[in-house]
Every structure is written in C-alpha cells, then in structure tokens.
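Below you'll find the structure, written out as structure tokens, and then a few comments.
The values are calculated or read from the model by the stated rules, or taken from the named source; none is laboratory data. For clarity, every value in this text was computed on a predicted model and none was experimentally measured. Glycine also receives a Cβ, built like all others from the backbone with ideal geometry; neighbour counts cover every protein chain displayed.
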Amino acid sequence: MAKGHIIAGLDIGTNTIKLLVIQKRNKEWEVLSYQEMPSFGLRKGAVVDAGEVSKNIQTLLSETEKNSSKKITSVFVNIGGNHIYITPSDGIISVSRANQIISQEDIDRVLQATRAINIPQNEEVLDVFPKEFIIDDQKGIKQPLGLRGIRLEAKVLLLCVFSPYFINLTQAVLNSKLHIDDIVPSPLAASEAVLTREQKELGVALIDIGASTTSLAVFEEGNLLHLAVFPIGSANITNDIAIGLKTEIFVAESIKKQYGSCMLVKQDKEKKDEKINIEKKKIEIIENSSVVSFTRKDLVDIIEPRVSEILDLILKELKKIGRQELLPCGIVLTGGGAKISKIKELTKEQLKLPVQIGKIKNILGLDEDTALATVAGLVLSSAVMDETDKEGLSGVLKGFWSKIKKMLKVLVP
Ligand SMILES: Nc1ncnc2c1ncn2[C@@H]1O[C@H](COP(=O)(O)OP(=O)(O)OP(=O)(O)O)[C@@H](O)[C@H]1O
Ligand SMILES: [Mg+2]
C-alpha cells in the first residue's frame, strides 16, 4: 500500500492502460508519475489475455521507474467488464457476547453469512456492500458496533464477478512482479475520484463512458445503491463513423475527437444563419490520398443515436431501482467518452436530471481529463484511507478497507 507515502493505481482499460503514482508532500497528494499506453489483451473491459496485459504493465512500470527513480512494488487495480454485477442478499446471526453488545466479530460474521448464496460455479463474490443492519427488528441501522441486541441481521449488495476474468486480471498483475493492494470495480474507483460525500449522501449516479464499456454506479445515503456495466462505449461511436463515412478506424477516431458532437448547436436568433451554415458546411479530410467528406450535421446524425442508445440503457437501470428523474445530485459523467461535445446537454435532456462533467479531486498536477477518473480513484481510495479515521468512513470506503485486508490474504504470495 502506501509505502514511503507513494501510492500506485493501475487502470487496465480496453483502449488505454494507465499507471498513476502519487506521493505525499506537505499534506497534499501530488503526481509523481503518470504513464499510459494503448491496451491489448482485453475484450469489453475484461482481461482475456493475461500475457499481453502483463507485457503492457511491465512496459509502464519500467517507464515509471525510470522517470520517478522509485521502485513500484504494489498497485491498486481496477476490474472492468459487463461480467460484473450486483445482487441483493441478507444474513442473520445471534450476537455472541453474553452482555449482548455487538462486536466487530459479530459484524464480520453477519457479513460473511450474506455471502452464502447460490451463484454459478464460475462466479465469485468479490465484495459485500452493507445497505442496513437490523437489530432485533429495529431497522435502518448503519453502524451496529457497540449497540445491544440478541439478533443481528444485515441487508447487503454482493458484488459478483466471472472467475476466469478475475483470475486473468490477477495473473496479469502478479506476473508483472507486483503485489495487489486492492481490486476495485472501475465505476467505484471513478466515483472515489469525482463524487463528494454530500452527493453520495443525497443521491447521485456516476456514468463512466469508456472505449468499450459504460459503467453506472448509483449512491444514496452514503451507500452504493446500484451498479451495472454495459458492453458498449465510445469505440462504438468510432465504428459507426467509420461505417457511415466509409473510412478507416483511425481516421474515424480523429474525426470523432475533432468534429464530433451529440447535438447540433442551439440556434440563438442573431447567429442562426451562421451556425446552420457551419453545420452544413462540407469538411474534407485527405487521408492516404483519398478524400473523406462530411458535414457536422452528418456526424451528429451518426453519433446522437449511439449516445442515445447508451443513455437509454442507463435510464432503464434507473427505472429498475425507481430513481429515474429522482436523484437530487443528478448525473456525473467520467471516462474518455465523456469528452465528446454536447454530451452533457444530451444526457440532461434524455435523463431529465442535472448533469456535470466529473472533476478529479485532491491530486495536484493531474490533468483535468475525465479519462483519468478511474486511475485517480484507485490511488485516492487509499490516500483518503491514510488520513481518515477508519471507523468514520462511509459504507463504500469501508468496503474498500475490508477488501484490502481480504485481498492481502488471498493474493499476496
Ligand atoms: N475528445 C474526445 N472526444 C470523444 N471521444 C474521446 C475523446 N477523447 C477520448 N475519447 C474516447 O474515449 C475512449 C477512451 O476512454 P477511456 O480511456 O476512459 O477508456 P478505457 O478505460 O480504455 O475503456 P473501458 O473503460 O471501456 O475499458 C476512446 O474510445 C476514445 O475515442
Ligand atoms: Mg475505463
């Protein structure tokens, strides 16, 4: 973990693999090193080729160690992909002490009991997120430690993953001669980087639009309420542009970044004609002596339906949990896909909620880039842990803490 006040986060994404190392200076966390490179060996956010990913990790490590003159021995790493899901569960135990005061051991036992559910053999429970505890029918208790009772019940969300992808991920990291401090689902890491405690308390949804996945994490009363990952992301937009404009992927990618937009500009009266002209003006790009010709409107016609499809998946999830149009702190967007022009406006229109582009907190010297939210959250989950009274942490952070202990037991050789 934070050896010599250095923390490393590794975001293994489908498009890019990112390694961020932060160090503490004068009570602030600052970037010691940031390296990224194109990623190989993943499909839709999941590690399918541990060898390829391990090669990438080793390249990033040697660059980082060269630039920072520090040895990196362990990392916080993300787990992505639509094999990740949550499912509700509960557990019940008798309080063990004769004086009926609930101990940490009772809490650990009841949380352990929630894990005893039937899931397919090739899946495993990665983490447990408590929603509430019930002591002798008294509901809605957040922190039962030290309270008195005979029967302790826990209602939780279990976070489950497909074991082969989980094993590939851990192998890729361990084969790179790194210890694993913790494995954090990507949308929870991104949430750590950009959401405030107040937003999580009042109700907020984080949407991370990556290259091949879009992830959703919803919080309320400080706890995780819902999590879902969809196998669709900004690379789908690039593919649509390549098909629509009959051009190569790398050309489509650069057209998307330079000219792409989810909406035509709002037409204010005095500039109306001028803006319509811009939208209809032919843009020509010469690539390998062939010409790609399009208007901004052509691009919106390609991009808007795809982003709208992604937002529709999110809307369905919010409906499932009864939170459509009902999150006071609205939506926060992260991931490289959130950089496309007018996505904030389209999201607001379609989900009918306030929308913000996520801003990474508390790391000096890190670029303002939504694509860095996951890697930033990985290091921040530990940086916060360093400084905060562990008893006073929110449910999600406590989850991280218990997982850190668990992973150390399971994985560190
Ligand atoms: N300025 C931009 N406009 C539009 N899209 C962009 C822009 N910059 C980056 N992107 C897109 O963001 C995506 C990469 O984002 P990110 O780094 O969050 O993905 P990832 O973490 O590698 O993928 P995943 O999370 O799906 O595994 C690419 O598809 C890229 O085209
Ligand atoms: Mg990502």
Between a residue in segment 253-279 that is modelled with pLDDT of 85 or more and any residue that is of a type in the set (Ser, Thr, Tyr), which pairs come within a Cβ distance under 7 Å, given they are 6 or more apart or on different chains?
GLU253/THR238; LYS256/THR238; GLY260/SER341; SER261/SER341; CYS262/SER341
Exactly one of (1) touching a Lys or Arg at 6+ places or on another chain (Cβ under 8 Å); (2) in a loop (DSSP other than H, G, I, E, B) is unmet by LYS71. Its number?
(1)
Need the failing condition index for LYS44 against (1) among the basic types (Lys, Arg); (2) away from ligand 2 (no atom under 14 Å from the Cβ); (3) under 19 Å from the mean Cα position of the chain (by Cα), just the number.
(2)
On the basis of being farther than 27 Å from THR214 by Cβ and assigned to a loop (DSSP other than H, G, I, E, B), does ASN82 make the cut?
no
Restricting the search to segment 1-35, which residues are within 16 Å of ligand 1 (Cβ to nearest atom) and in a strand (DSSP E or B)?
GLY9, LEU10, ASP11, ILE12, THR16, ILE17, LYS18, LEU19, LEU20, TYR34, GLN35
Within the bounds of segment 297-304, is there any residue that is within 28 Å of GLU248 (Cα to Cα), in the same structural domain as HIS226 (by TED's automatic domain parsing), touching a residue at least 60 places away in the same chain (Cβ under 8 Å) and within 17 Å of the chain's Cα centre (by Cα)?
no
Has segment 36-44 got at least one residue that is in contact with a His (Cβ under 7 Å, 6 or more places away or on another chain) and assigned to a loop (DSSP other than H, G, I, E, B)?
no
Might you let me know whether segment 210-219 holds any residue that is free of Cβ contacts under 8 Å to residues at least 24 places away in the same chain and polar (S, T, N, Q)?
no
How many residues does segment 195-235 hold that are aliphatic (A, V, I, L, M), closer than 16 Å to ILE357 by Cα, within 16 Å of ligand 1 (Cβ to nearest atom) and crowded, with 24+ Cβ neighbours inside 10 Å?
4
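Given the criteria in the same structural domain as LEU147 (by TED's automatic domain parsing) and surrounded by 19 or more Cβ atoms within 10 Å (Cβ to Cβ), does ILE72 qualify?
No; evaluated as a whole, the condition is false for this residue.
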Give the residue, chosen from ALA252, ALA211, that is of a type in the set (A, V, I, L, M) and within 16 Å of ligand 2 (Cβ to nearest atom).
ALA211
Quick one: in segment 183-208, of everything that is among the β-branched types (Val, Ile, Thr) and within 14 Å of ligand 2 (Cβ to nearest atom), which residue is farthest from LEU326 (Cα to Cα)?
VAL184
What number of residues in segment 320-342 are closer than 20 Å to ASP367 by Cα and either part of a helix (DSSP H, G or I) or within 16 Å of ligand 2 (Cβ to nearest atom) (or both)?
9
Among the residues of segment 13-30, is there at least one that is surrounded by fewer than 20 Cβ atoms within 10 Å (Cβ to Cβ), aromatic (Phe, Trp, Tyr) and away from ligand 2 (no atom under 16 Å from the Cβ)?
no
